[in-house]
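K.L.:
Have a look at the structure that comes next, please.
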Amino acid sequence: MAHRIALKVMLVCALVLAAIAMLAASPAHYPHTPTICPGPSSPGDGTPVIRPRNDCTPSFTEQDARSYLAANLQLALANAPNDIAVVGHPQIISIRFVSMRDLSRAPYAPVWLVPSDRIVCYVVLDGTFFALHLPPHHPLLHFPRPVFIVFDAHSGNLLGNGFGDPRGP
């Protein structure tokens with residue numbers, strides 16, 4: 001009996017250590033972006049989608065982004081030039097408020113003509129997505145992969161989207 005208890009304790013400890021090792025080996029987290037009030041105004045680029053709560057940066061919350069995407073995901077994805085469609089119900093993997101400078105340091109980072117000091121709300125979703133401009137029988141038509149959506153953290157404007165996740169696989 002004592003042997004079984006010791007074995008269970010060792011198994012639980014091994015699982016906890018494995019989980020800690022996985023978290024430590026995961027890609028680096030983006031630095032926390034402080035709230036700035038009043039925030040720097042953003043140029044009028046992008047499409048207005050999330051209504052700012054105040055004049056700060058960020059001017060909306062992570063929950064505001066979740067609520068917008070719950071009601072308007074297909075609209076946020078069908079944004080030129082990528083025009084992405086979704087099959088089923090994707091999951092939000094992460095929502096980060098980060099500067100374009102910090103975001104651009106990651107591999108596969110989106111490259112836009114926005115200032116590096118611009119604070120954005122960067123959302124990664126996991127699900128089955130496809131580009132609307134592919135031929136009907138293209139092998140990547142329904143391929144499970146992550147996509148990202150970027151909002152201006154001050155204005156709430158939708159800046160763009162794309163395939164992949166700069167944080168890695």
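K.L.:
Scan the stretch 20-31 and tell me whether some residue there is within 17 Å of residue 157 (Cα to Cα), modelled with pLDDT under 85 and surrounded by 10 or more Cβ atoms within 10 Å (Cβ to Cβ).
P.N.:
no
K.L.:
Quick one: in the stretch 123-169, which of the residues that are modelled with pLDDT of 80 or more and assigned to a loop (DSSP other than H, G, I, E, B) is nearest to residue 44 (Cα to Cα)?
P.N.:
155
K.L.:
Pairs, please: C-beta under 8 Å, at least 6 apart or cross-chain, first residue more than 22 Å from residue 124 (Cβ to Cβ) and in the stretch 48-73, second open to solvent by 40 Å² or more (accessible area, probe 1.4 Å)?
P.N.:
53/61; 54/37; 55/37; 55/38; 56/35; 56/36; 56/37; 56/38
K.L.:
Check off (1) in a helix (DSSP H, G or I); (2) at pLDDT 60 or above for residue 10 and give me the number that stays unchecked.
P.N.:
(2)
K.L.:
While we're looking at this one, here's another question. Considering only residues of the stretch 60-100 that are in contact with an Asp or Glu (Cβ under 7 Å, 6 or more places away or on another chain) and buried (at least 16 other Cβ atoms within 10 Å of the Cβ), which is modelled with the lowest pLDDT?
P.N.:
The first filter runs over the stretch 60-100 and keeps only residues in contact with an Asp or Glu (Cβ under 7 Å, 6 or more places away or on another chain), leaving 90-91, 93, 95, 99.
From what's left, buried (at least 16 other Cβ atoms within 10 Å of the Cβ): 90, 95, 99.
Details: 90: 91, 95: 95, 99: 88.
Top of the filtered list is 99.
The values are calculated or read from the model by the stated rules, or taken from the named source; none is laboratory data. Being a predicted model, the structure only gives us computed values, none of them experimental. Methodologically, a virtual Cβ is constructed for each residue, glycine included, from the backbone with ideal geometry; neighbour enumeration extends over all protein chains shown. What goes into the accessible areas is simple: the full protein's heavy atoms, side chains included, and nothing from ligands, DNA or RNA. Shrake-Rupley method; radii C 1.70, N 1.55, O 1.52, S 1.80 Å.
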